[in-house]
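One structure is given here, and the rest of the page talks about it.
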Amino acid sequence: MLKNIRYLLSLGALTFSVSTFALTLNGTVTNYDGDPIFEAVITAVGSIKTKSSQTTSPRKMDQKNREFVSHILAVQVGESVVFPNSDNIQHHIYSFSPANSFEIQLYKDISPKPITFDKAGIVVLGCNIHDWMVGYVYVTDAPYFAQTNEKGEWSLNLPADDYTLTLWHPNLDTPNNVLVQQIKLTTEKPVPIEHKITLKTTSRTGKPPTDDNQNSLYQ
Amino acid sequence: MRHFTRFRSRLLFYIIGLFLLTLSCVFGVVNQVFRQNSEDSIRRELIVTERIFLRLLHERSSQLTQQASALASDFAFKRVMATRDNATISSALTNLSTRVKADVSFLVATDYGVMIDSFAAQKMGQLFFAPELIKQAEAKGKAAQLVLINQKLYQLIVVPVLAPEPIAWLCLGFTIDNEVLAQLKQLTQVEISLLSEQNTALRLHVSTLDLPVNQILPLYETNADGFFWHTDNELYLSRLVILEQSENKKIVAVIERSWQKSLENFHQLQWLLLIIALMSIVGACLAAFWLAKTVSKPVQILAQGVQAIGQGDYRFQVNINSHDEIGKLGTAFNNMGVQLLEKEKIRTLLGKMVSPAVANELLNNDVVLGGEVREITALFTDLAGFTRIAEQISPQDLVALLNNYLTYMSSDISQHAGVLDKFIGDAIVAFWGAPLDDNLHAKHAVCCALAMQKTLQKLRDEWKERGLPLLTMRIGINTGCAVVGNIGSIDRLDYTMIGDMVNLAARLEGANKYYGSEILISEFTFEQIKHDFLCRELDNVRVQGKQKSVAIYEVIAEKSSVTIEQQAFCVAFSDALKSFRVKQFDDAKVRFAELVERYQDDASVLYLERLESQATNTDGANSAVIYDLSK
């Protein structure tokens, strides 16, 4: 819902100030079979240093049915994230990532303090008592970023400039799981960017074990 | 074969030989089949065992992997990892390793750099010695491999330390030592050896066998069903299993079974077979012995029978109580004995009826009527005065006496190869020169006559003791051609002789009475025996129906036993006869008178009487010289 509102707002802005301010860059991320890739992170860094505007903070990464929701959350440096527990069992969130290592020991029914992410980097989250649970907080210092929706679509409102566009997904089959490309945005309507990517096959889906993957190695 | 001249031994030898041959064939076949089967089954078992062995290794590695995974999930350890304090991490790692009794442990960073090494053999940050193992773990979440570290075999397990993504790789190594192999051996029941091959050099690391450490195995094809190899005193059927293989390194397991132990069952079977064989041989021996006995015993009995028959005992009967061929042979043999006995009886009886020579001739040739002309010598005898004594003694005694006399005489005739023609009361007729050829028939006849006189002399001694009157025997012998053959009807035959010369012989026998002599022979006989016997010419006689007169001689003795007196007597008589024949009657009278006086010679008495009648009847002087035998 929030996304939809943001989408409508930016659509409105585009309608009102086409020439001066912003262009809307659309794109899709799919695999080679055409299946959409969900929650992939797109960042854009332009030549002009701009201080990106704060989004609504604190952001939220919930735990439902013994998994992180969202699985991947992109935040800007300095943003804080709350980790509520919607399950009726306790969870023990930890991260030993150099970007931000923290721990929220066994808790439920309370809303713990938001965690502020000060360093750019990938923060991998786990639950001490549920080995399969994995969540990613993508802390970026890029002024513009977006995540794909369930259809694999994303859009960014960008002023005309030269951009370094970066695509990240934890399972992306590239070094450091990123795909970087340079684009030039003029005042003309930009051509939508279509990313076709390959994800590494992994049994680490972040979802609780089912009968099928009960014997999975990472349990 | 010299030792097997006895039928029984030979039969035993052949039966047992055949039996042994069969047994050894059976034994050989069983041996071959059993060995082949054993080998095949061991090969099959080894294939199964190989799978079990690999499965067990896999299970062990799975088990170790699970243990390692559990360790890697230790949250405290993850926290320690987050401190990045190497000393603490190393200590914690040692702590973990002891929990699962790992022999070596490594911690490898995600960039394959070594973080911690329990051996301290690899320096920090150096590339891990088996990066491919980490790569494998990255792809599959775990990895396990047999590796050689410092020439020792380890089962190396690699699992990630998840937070919750891999932040490092935990490598735990477990030594494969004799204890591990002993467990595997207990489960698989085979001997196991683990070897490594590096640049074609083979090295033994661990084994359930007590092998020399530097035992070098030749390398065999691993996909072969198996191969045999020897230690100093054992033979093994083995399989080579490749456990790990890289470019220049190979880790192989040799799983093997002792061939001898596998054949233990067979050895039991062999013993059993041997015992059965021995018992069978003993049984066969007894059977062969019994068989040989049942065959050879009757043969021995038959041989005895044949020997008895050969010695003339036709009454010998064999006793074989069986109904087979041998029994039939025994019956046939007995029948043969009976028939031979029958024939012998006939021969004996015939010999009594006729002369043995004639009997043989009759038995051996078909009896045919008819005869042939042969030169023979005929002999006639008679007992002088027998009729007279017949009136003096009982008929029984008479027959006994006569039988006794005839027995001795016929015996003499037989001994001199004469043919006894017939007895006519006390008279005997015999001949020589038929049916068998005999060139010396005259000599044999004369010789026989002398022998008969000698026999009679002995009989007379016997008779004298019994008070019987003394009897003299007159013998006449003549030689000449006569018809001899089987004469009579087809039912009753005599082998006899017919002819004038036979009559002359009979006459000469009678003439003895006239001349007082005992043996008279004709000139025809004399001509053939004159060199062997001393004879004196007695007279010339006229034979009825013949113009020519025949000279007759008295047989004195065999020349070899002539006394001087006999010689002188003969010469004197011859001189006297010569004087008589040349008509010097006075001289003849003196000479004959002297012979009578000196030798009591009956013939000389006869001539003196003739001289007397000569003096009274001068007319018939010539005619009186020839005596007419028919008188």
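The values are calculated or read from the model by the stated rules, or taken from the named source; none is laboratory data. Quick caveat: nothing in here was measured; it's all calculated off a predicted structure. Positions of Cβ are backbone-derived with ideal geometry, glycine not excepted, and every protein chain shown enters the neighbour counts.
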Query raised in the report: Does A:Gln63 satisfy being within 14 Å of chain B (Cβ to nearest Cβ) and either assigned to a loop (DSSP other than H, G, I, E, B) or without any contact (Cβ under 8 Å) to a residue 40 or more places away in the chain (or both)?
Result: no
Report summary line: Subset of segment B:400-440, residues small (Gly, Ala, Ser) and part of a loop (DSSP other than H, G, I, E, B), comes to B:Ala417, B:Gly418, B:Gly425, B:Gly433, B:Ala434
**Report entry** Lone qualifier among B:Ser41, B:Ser61 - being touching a helix residue (DSSP H, G or I) at 6+ places or on another chain (Cβ under 9 Å), small (Gly, Ala, Ser), outside the structural domain of B:Val158 (by TED's automatic domain parsing) and within 30 Å of B:Val190 (Cβ to Cβ)
**Finding:** B:Ser41
Requested in this report: Can you confirm whether segment A:105-126 contains a residue that is within 14 Å of another protein chain (Cβ to nearest Cβ) and in contact with a Leu (Cβ under 6 Å, 6 or more places away or on another chain)?
Outcome: no
Report summary line: Result of the Cβ filter at 9 Å on segment B:292-316, keeping first residues that are farther than 15 Å from B:Phe333 by Cβ and partners that are aromatic (Phe, Trp, Tyr) and outside any loop (DSSP other than H, G, I, E, B), at least 6 apart or interchain, is B:Ala292/B:Phe7; B:Val295/B:Phe7; B:Ser296/B:Phe7
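I'm checking my understanding of the structure. Among residues of segment B:483-538 that are of a type in the set (Phe, Trp, Tyr) and in contact with a strand residue (DSSP E or B) (Cβ under 7 Å, 6 or more places away or on another chain), which one is nearest to B:Cys447 (Cα to Cα)?
Here the residue is B:Phe533.
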Requested in this report: Check whether at least one residue in segment A:137-155 is free of Cβ contacts under 8 Å to residues at least 40 places away in the same chain and within 14 Å of chain B (Cβ to nearest Cβ), and report yes or no.
Outcome: no
Requested in this report: Take B:Ser91 and decide whether it is at pLDDT below 90, touching a Ser or Thr at 6+ places or on another chain (Cβ under 8 Å) and either in a helix (DSSP H, G or I) or within 14 Å of chain A (Cβ to nearest Cβ) (or both).
Outcome: no
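Every residue, every condition in (1) within 14 Å of another protein chain (Cβ to nearest Cβ); (2) acidic (Asp, Glu); (3) in contact with a strand residue (DSSP E or B) (Cβ under 8 Å, 6 or more places away or on another chain), yes or no:
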site	(1), (2), (3)
B:Phe34	no, no, no
B:Asn37	no, no, no
B:Arg44	no, no, no
B:Ile47	no, no, yes
B:Glu50	no, yes, yes
B:Phe53	no, no, yes
B:Leu56	no, no, no
B:Glu59	no, yes, no
B:Thr65	yes, no, yes
**Report entry** Of all residues in segment B:78-88 being away from chain A (no Cβ under 11 Å) and in a helix (DSSP H, G or I), the one that is surrounded by the fewest Cβ atoms within 10 Å (Cβ to Cβ)
**Finding:** B:Ala87
Query raised in the report: Of the residues A:Phe96, A:Phe83, A:Phe102, which single one is over 15 Å from B:Glu165 (Cβ atoms) and within 14 Å of another protein chain (Cβ to nearest Cβ)?
Result: A:Phe102
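Can you list the strands (runs of 3 or more DSSP E) found entirely within segment B:470-568 that contain at least 3 residues being surrounded by fewer than 24 Cβ atoms within 10 Å (Cβ to Cβ)?
By residue number, B:472-488, B:493-498, B:533-542, B:549-558.
A quick yes/no check of all residues on (1) within 60 Å of the chain's Cα centre (by Cα); (2) more than 14 Å from chain A (Cβ to nearest Cβ); (3) within 24 Å of B:Ser196 (Cβ to Cβ):
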residue: B:Phe129; (1), (2), (3): no, yes, yes
residue: B:Lys135; (1), (2), (3): no, no, yes
residue: B:Val147; (1), (2), (3): no, yes, yes
residue: B:Leu162; (1), (2), (3): no, no, no
residue: B:Ala168; (1), (2), (3): no, no, no
residue: B:Leu172; (1), (2), (3): no, yes, yes
residue: B:Asn178; (1), (2), (3): no, yes, yes
Report task. List the number of the failed condition for A:Pro98; all other conditions in (1) at pLDDT 90 or above; (2) within 30 Å of A:Pro209 (Cβ to Cβ); (3) surrounded by fewer than 16 Cβ atoms within 10 Å (Cβ to Cβ) hold. Result -> (1)
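Per-residue answers, yes or no, for (1) under 26 Å from A:Val77 (Cβ atoms); (2) surrounded by 14 or more Cβ atoms within 10 Å (Cβ to Cβ); (3) of a type in the set (A, V, I, L, M, F, W, C):
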{"site": "A:Tyr94", "(1), (2), (3)": "yes, yes, no"}
{"site": "A:Asp118", "(1), (2), (3)": "yes, no, no"}
{"site": "A:Gly135", "(1), (2), (3)": "yes, yes, no"}
{"site": "A:Phe145", "(1), (2), (3)": "yes, yes, yes"}
{"site": "A:Tyr163", "(1), (2), (3)": "yes, yes, no"}
{"site": "A:Leu167", "(1), (2), (3)": "yes, yes, yes"}
{"site": "A:Leu185", "(1), (2), (3)": "yes, yes, yes"}
{"site": "A:Lys189", "(1), (2), (3)": "no, no, no"}
Report task. Find the residue count for segment B:418-458, including only residues that are crowded, with 19+ Cβ neighbours inside 10 Å and farther than 22 Å from B:Leu504 by Cα. Result -> 1
